[in-house]
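Q: Just passing along the structure, written as structure tokens.
The values are calculated or read from the model by the stated rules, or taken from the named source; none is laboratory data. Every value quoted in this text rests on a predicted model; they were computed, and no experiment measured them. Note that each Cβ is placed from the backbone with ideal geometry, even for glycine, and that neighbours are counted across all protein chains shown. All accessible areas refer to the heavy atoms of the entire protein, side chains included, with ligands and DNA or RNA removed. Shrake-Rupley method; radii C 1.70, N 1.55, O 1.52, S 1.80 Å.
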Amino acid sequence: MMLNKRRIFLQHFLSYAILLLVGVAVLIPVLWMLSTSLKNDMEIFTIPPRWIPIDGTFIAYQRIWTDYPFARYFFNSFIVVSVSTLISLAFSCLAGYGASRFHFRGKGMFLTFLLITQMFPSIMLLIPFYKIIQTLGLINTHAALIMTYISFTIPFCSWMMMGYFQSIPKDLDEAAAIDGSSRFRIFYQIVLPLALPGVAATAIYSFITGWNEYMFALVLTQSETMKTVPVGIGQLIGQYKVMWNDMMAASLVAIIPLTIIFLFFQRFLISSLTAGAVKS
């Protein structure tokens, strides 16, 4: 009995020790960003660097809003990413539900095509996307970024949603159909609410993908009024010096929307809404 207790204690101790080490490894870069953002322009170049600033200041956080058009960058990113996430969710939910419930000719090829689209590096698609957007006359517009982002996220999001829909018993569809529900009503009122954990995971993936995207936003936007947050942060690298405190402050502020989105959808991710839906 004592040996079992010691073994359990040792297992718990090792588990928490590993989690603590991983947590520290994850937090160190964030803490260093916070420390750098609170330093003044002279202290960021001090050798050896200091973890705790001697004269902490919030001047970097003030400058990103007064000296740079970061408010506009945030507005552009929020509009583009929000719209592209909503469109991706709508199409991926419908595609995932159809692929999980129906058998049709070419279904295997369709799913394989969705998977193959994720195999190409994004840099390889840059010139074709630019030529298409240029032909449509959408260079330097929100629509150009929205079209680009949904083309990246819909294939993978469709695969994600198909997996979640396949975990929901088809008996629910059949029972609702017997009661006279239409196919769309079954999807919207019965199956989709049960797949909220999958919708939340898909929304988080789509939002993070669009929010962090840099290369296409840099190429497809030209004016300062159309650039997004990643492009704006990249522009803080000057020709002769880098304002590390401004860059770290902007990066920390850019994390806030992602944190809010994750906290908002967290309760859906940890819930199991299908528990007890169908008796076996």
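Q: Cross-link partners among lysines for residue 131, C-alpha distance below 20 Å, same-chain residues fewer than 8 apart left out?
A: Here the lysines satisfying the reach criterion relative to residue 131 are 227.
Q: Right, next: Pulled fully out, how much extra length does the chain show between residue 115 and residue 174, if you take 0.36 nm times their separation in residues and subtract their Cα-Cα distance?
A: Values: separation 59, 0.36 × 59 = 21.24 nm, distance 2.97 nm.
Difference between extended and current length: 18.3 nm.
Q: On to the next question. Over the chain, what is the mean sequence separation of C-alpha contacts under 8 Å (at least six apart), divided by residue count, expressed as relative contact order in percent?
A: Details: 261 pairs, mean separation 81.3, N = 280.
Once divided by the residue count of the chain, the mean separation gives 29 percent.
Q: Next question. Which angle from 0 to 90°, rounded to the nearest 10, does the C-alpha axis of helix 196-212 make with the longest principal axis of the chain?
A: Between helix and principal axis, roughly 30 degrees.
Q: Counting heavy atoms of the protein chains only and a 1.4 Å probe, report the per residue accessible area for region 38-155 as a whole number of Å². Please list the in-between numbers first.
A: Details: 6970 Å² over 118 residues.
Result: 59 Å² of accessible area for each residue.
Q: What nm distance separates the two modelled labels at residue 75 and residue 8, each placed 7 Å from Cα along Cα→Cβ?
A: Those two pseudo-labels are separated by 5.9 nm.
Q: Once phi is turned into ³J(HN,Hα) by the Karplus curve 6.51 cos²θ - 1.76 cosθ + 1.60 with θ = phi - 60°, what whole-Hz value does each residue of region 122-130 show in order, with x for glycine and proline?
A: Along region 122-130, the couplings run 5, 4, 5, 9, 5, 5, x, 4, 4 Hz.
Q: Just how far, in whole angstrom, is region 5-63 from region 66-133 if you go by their alpha carbon centroids?
A: Using only Cα atoms to place each centre, the spacing works out to 35 Å.
Q: Of all the stretches in the chain, which is the longest one without any exposed loop site, taking trypsin sites (Lys or Arg not before Pro) in a DSSP loop (any state but H, G, I, E, B) with at most 13 other Cβ atoms within 10 Å?
A: My reading of the result: 171-240 is the longest stretch.
Q: Compute log10 of I(q)/I(0) for region 3-72 with the Debye formula, placing one identical point scatterer on every Cα and leaving out solvent, at q = 0.21, 0.23, 0.29 Å⁻¹, to two decimals.
A: -0.92, -0.99, -1.15
Q: Arranged from highest to lowest average of other beta-carbon atoms within 10 Å per residue, in what order do the peptides 122-129, 148-155, 205-212 appear?
A: Working: 122-129: 12.4, 148-155: 22.2, 205-212: 20.6.
Per-residue mean Cβ counts within 10 Å order the peptides as 148-155, 205-212, 122-129.
Q: Another question, then. Return, ordered by residue number, the residues of region 1-34 whose backbone nitrogen is under 19 Å from a label point located 7 Å along Cα→Cβ of residue 242.
A: Residues 28-34 fall inside that zone.
Q: Please work out how much accessible surface residue 20 shows to a 1.4 Å probe, ignoring ligands, DNA and RNA, in Å² rounded to 10.
A: 120 Å²
Q: Moving on. Run lengths n ≥ 4 of DSSP H only: what is the helix-derived mean residue ellipticity at 222 nm for the chain, with -39500 (n - 2.57) per run over all residues, to the nearest 500?
A: For the chain, the value works out to -22000 deg cm²/dmol.
Q: Also: Output needed for region 63-147: three equivalent-ellipsoid semi-axes, defined as square roots of 5 times the C-alpha gyration tensor eigenvalues, in descending order, whole Å. Walk me through the numbers before you get to the answer.
A: Values: eigenvalues 221, 63, 27 Å².
Result for region 63-147: semi-axes of 33, 18, 12 Å.
Q: Go through region 83-93 residue by residue and turn each phi into a ³J(HN,Hα) via Karplus (6.51, -1.76, 1.60, θ = phi - 60°); whole Hz please, and just put x for glycine and proline.
A: Each residue of region 83-93 in turn: 5, 5, 5, 5, 5, 4, 5, 4, 6, 5, 5 Hz.
Q: Given a 1.4 Å probe and every protein chain left where it sits, what share in percent of the accessible area of region 8-142 is carbon and sulfur?
A: Numbers: 7000 of 9050 Å².
So the carbon and sulfur contribution to the accessible surface is 77 percent.
Q: List the lysines whose Cα lies under 20 Å from the Cα of residue 107, skipping any in the same chain that are fewer than 8 positions away.
A: Straight-distance partners of residue 107: 170.
Q: Now for a separate question. In terms of the ratio Rg/(2.2 N^0.38 Å) built on C-alpha atoms, what value belongs to region 37-98?
A: Details: Rg = 20.5 Å, N = 62, 2.2 N^0.38 = 10.6 Å.
The value comes to 1.94.
Q: Where does helix 107-116 land angle-wise versus the long Cα axis of the chain, in degrees 0 to 90, nearest 10?
A: 10 degrees
Q: Under the Karplus relation 6.51 cos²θ - 1.76 cosθ + 1.60, θ = phi - 60°, what is the ordered set of whole-Hz ³J(HN,Hα) values for region 246-263, x standing for Gly and Pro?
A: Whole-Hz 3J(HN,Hα) from phi for region 246-263: 5, 5, 5, 5, 5, 5, 5, 5, 5, 6, 4, x, 5, 5, 5, 4, 5, 5.
Q: In nanometres, what is the gap between the two model label sites at residue 86 and residue 57, each 7 Å from Cα along Cα-to-Cβ?
A: A separation of 4.2 nm, rounded to one decimal place.
Q: Next up: Could you give the length gained on full extension between residue 264 and residue 28, defined as 0.36 nm per residue of separation minus the Cα-Cα distance, in nm?
A: Numbers: separation 236, 0.36 × 236 = 84.96 nm, distance 2.49 nm.
Extra length available between residue 264 and residue 28 comes to 82.5 nm.
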